[in-house]
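Okay, handing you the structure first.
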2 protein chains.
Amino acid sequence: MHTTDALEALIQALRRLPGVGAKSAARMAFHLLQHDRGGAQVLAQALAHAAEQVRHCTRCHTFTQAEVCDTCLDPGRDAARLCVVETPADQSALERTGAFHGLYFVLMGRLSPLDGVGPKDIGVQKLVQRATDGVVQEVILATNFTAEGETTAHVIGEALKARGLVVTRLARGVPVGSELEYVDLGTIAHALADRR
Amino acid sequence: MHTTDALEALIQALRRLPGVGAKSAARMAFHLLQHDRGGAQVLAQALAHAAEQVRHCTRCHTFTQAEVCDTCLDPGRDAARLCVVETPADQSALERTGAFHGLYFVLMGRLSPLDGVGPKDIGVQKLVQRATDGVVQEVILATNFTAEGETTAHVIGEALKARGLVVTRLARGVPVGSELEYVDLGTIAHALADRR
């Protein structure tokens, strides 16, 4: 009754965003229309532009507007090390450490049989091709330390080892700055086993 | 480096939504580009359309695409009762109860001196004009029971009573279905004072 077609359509469209329910969507629509119509227009254009322009890098699968992304084209990076991550956000976290200077392969997902995500969906075959280019010497598996991330790392690791590649995994251990008393037991057990 | 201009622009634009920080914005952008490009286009169009089309009802201030909203135009509603709410979402909550058949005035905000929101911003003068049309007999204050909502109700109530209008407030009391043990003391005290 009191809502309008355009408003209702906006609320429904906002609900397509992950983590946004009916109340959040209504609050977002209210905020944009009442306080930030310019923001609504900016967001509309950014969405349309990104949906048209953003594609996947043909070498590493991350989002890019070119055929090959800037990272893959950077001659200053160590092409002998290839780091496998689940998402561009994970890649971004690694980049911010400044501790890795090799190249990436972004799976754009993780193995999740329950959700129907199999090896083909995350491009395992493509990763094997990429890693066997004769330049890559070590593949670092940096998938998340969740059940699905571990499974993904295991499956990918087996496929790559079968091709004779050196495969490593990010170390598990106690997070920097944490007190042992508050660290979960599985993490402490791993840190103990991998002590150095 | 690895992000693209269009992707970065989308993430920045998504951060204009209330309650969306850098990580949520990146997750939303990733989801739309990886799994729901159609959703991105739908949302882009809904935003642009709503930002252009949605305006305020000249009688009650709520969002509408016409000059006067459907509720205000409905001849079946009791024009002698006017309910004052903060937002269209609050109006919607009251409508869903099915217990109110009068008309509304939507403040589109609340008094909040610290945020620079004064009586002019929520249209107190317009509300007084609206309520003194000779038809309205009772104004029901249904602003939120927060500090700001109570202040708003007080200021509006004083302005309306000065014009000789009957002003009421939603009853405070124990929520339906709750156990006294878990209800806050202020609520119990109010429920005791207003016992019937």
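Kindly list the number of the only condition in (1) open to solvent by 20 Å² or more (accessible area, probe 1.4 Å); (2) in contact with a Pro (Cβ under 8 Å, 6 or more places away or on another chain) that fails for B:GLY116.
(2)
Next question. Which residues, counting only those in the stretch B:156-186, are open to solvent by less than 70 Å² (accessible area, probe 1.4 Å), within 23 Å of B:ALA79 (Cα to Cα) and not in a loop (DSSP other than H, G, I, E, B)?
Selection gives B:ILE156, B:GLY157, B:ALA159, B:LEU160, B:VAL167, B:THR168, B:ARG169.
Would you check if there is a residue in the stretch B:105-112 being surrounded by 11 or more Cβ atoms within 10 Å (Cβ to Cβ), out of contact with any Asp or Glu (no Cβ under 9 Å at 6 or more places or on another chain) and either of a type in the set (Phe, Trp, Tyr) or not in a helix (DSSP H, G or I) (or both)? It would help to see each step written out before you state the result.
The first filter runs over the stretch B:105-112 and keeps only residues surrounded by 11 or more Cβ atoms within 10 Å (Cβ to Cβ), leaving B:105-112.
Those left that are additionally out of contact with any Asp or Glu (no Cβ under 9 Å at 6 or more places or on another chain): B:105.
Within this subset, residues satisfying the condition of being either of a type in the set (Phe, Trp, Tyr) or not in a helix (DSSP H, G or I) (or both) are B:105.
Looking for residues that are surrounded by 11 or more Cβ atoms within 10 Å (Cβ to Cβ), out of contact with any Asp or Glu (no Cβ under 9 Å at 6 or more places or on another chain) and either of a type in the set (Phe, Trp, Tyr) or not in a helix (DSSP H, G or I) (or both), one finds at least one in the stretch B:105-112, hence yes.
Moving to a separate point now. Do you know which residues across the stretch B:32-75 are assigned to a loop (DSSP other than H, G, I, E, B), without any contact (Cβ under 8 Å) to a residue 60 or more places away in the chain and open to solvent by less than 70 Å² (accessible area, probe 1.4 Å)? If you could, list the steps in order and put the result at the bottom.
Here is the first cut: in the stretch B:32-75, the residues assigned to a loop (DSSP other than H, G, I, E, B) are B:36, B:54, B:57-62, B:65-69, B:74-75.
The next check asks that each one be without any contact (Cβ under 8 Å) to a residue 60 or more places away in the chain; those that pass are B:36, B:54, B:57-58, B:62, B:65-69, B:74-75.
Result: B:ASP36, B:VAL54, B:CYS57, B:THR58, B:THR62, B:GLN65, B:ALA66, B:VAL68, B:CYS69, B:ASP74.
Among the residues of the stretch A:34-46, write down those that are at the interface with another protein chain (Cβ under 8 Å from one of its Cβ atoms) and either within 19 Å of the chain's Cα centre (by Cα) or under 15 Å from B:ALA50 (Cα atoms) (or both).
The initial filter retains those residues of the stretch A:34-46 that are at the interface with another protein chain (Cβ under 8 Å from one of its Cβ atoms), namely A:34, A:36-37, A:39-46.
Once the filter is applied, which keeps residues that are at the interface with another protein chain (Cβ under 8 Å from one of its Cβ atoms) and either within 19 Å of the chain's Cα centre (by Cα) or under 15 Å from B:ALA50 (Cα atoms) (or both), the stretch A:34-46 yields A:GLN34, A:ASP36, A:ARG37, A:GLY39, A:ALA40, A:GLN41, A:VAL42, A:LEU43, A:ALA44, A:GLN45.
For the stretch A:106-125, how many residues are out of contact with any Ser or Thr (no Cβ under 9 Å at 6 or more places or on another chain) and at pLDDT 95 or above?
The total comes to 0.
Residue check, A:ALA50 against (1) more than 14 Å from B:ALA46 (Cα to Cα); (2) touching a His at 6+ places or on another chain (Cβ under 9 Å); (3) within 7 Å of chain B (Cβ to nearest Cβ), all met but one. Which one?
With (1) more than 14 Å from B:ALA46 (Cα to Cα); (2) touching a His at 6+ places or on another chain (Cβ under 9 Å); (3) within 7 Å of chain B (Cβ to nearest Cβ) applied to A:ALA50, the lone miss is (2).
Take B:GLY76 and decide whether it is more than 8 Å from chain A (Cβ to nearest Cβ) and in contact with a His (Cβ under 9 Å, 6 or more places away or on another chain).
Here the answer is yes, as B:GLY76 does meet what is asked.
Right, something else. Restricting the first residue to the stretch B:79-95 and requiring it to be within 12 Å of chain A (Cβ to nearest Cβ), which pairs with a second residue that is of a type in the set (Lys, Arg) meet a Cβ separation below 9 Å and a spacing of at least six or different chains?
Hits for this filter: B:GLU86/B:ARG110; B:THR87/A:ARG27; B:THR87/B:ARG110; B:ALA89/A:LYS23; B:ALA89/A:ARG27.
The values are calculated or read from the model by the stated rules, or taken from the named source; none is laboratory data. All values derive from a computational prediction rather than experimental measurement. We place every Cβ from the backbone using ideal geometry, glycine too, and count neighbours over all the protein chains shown. What goes into the accessible areas is simple: the full protein's heavy atoms, side chains included, and nothing from ligands, DNA or RNA. Shrake-Rupley method; radii C 1.70, N 1.55, O 1.52, S 1.80 Å.
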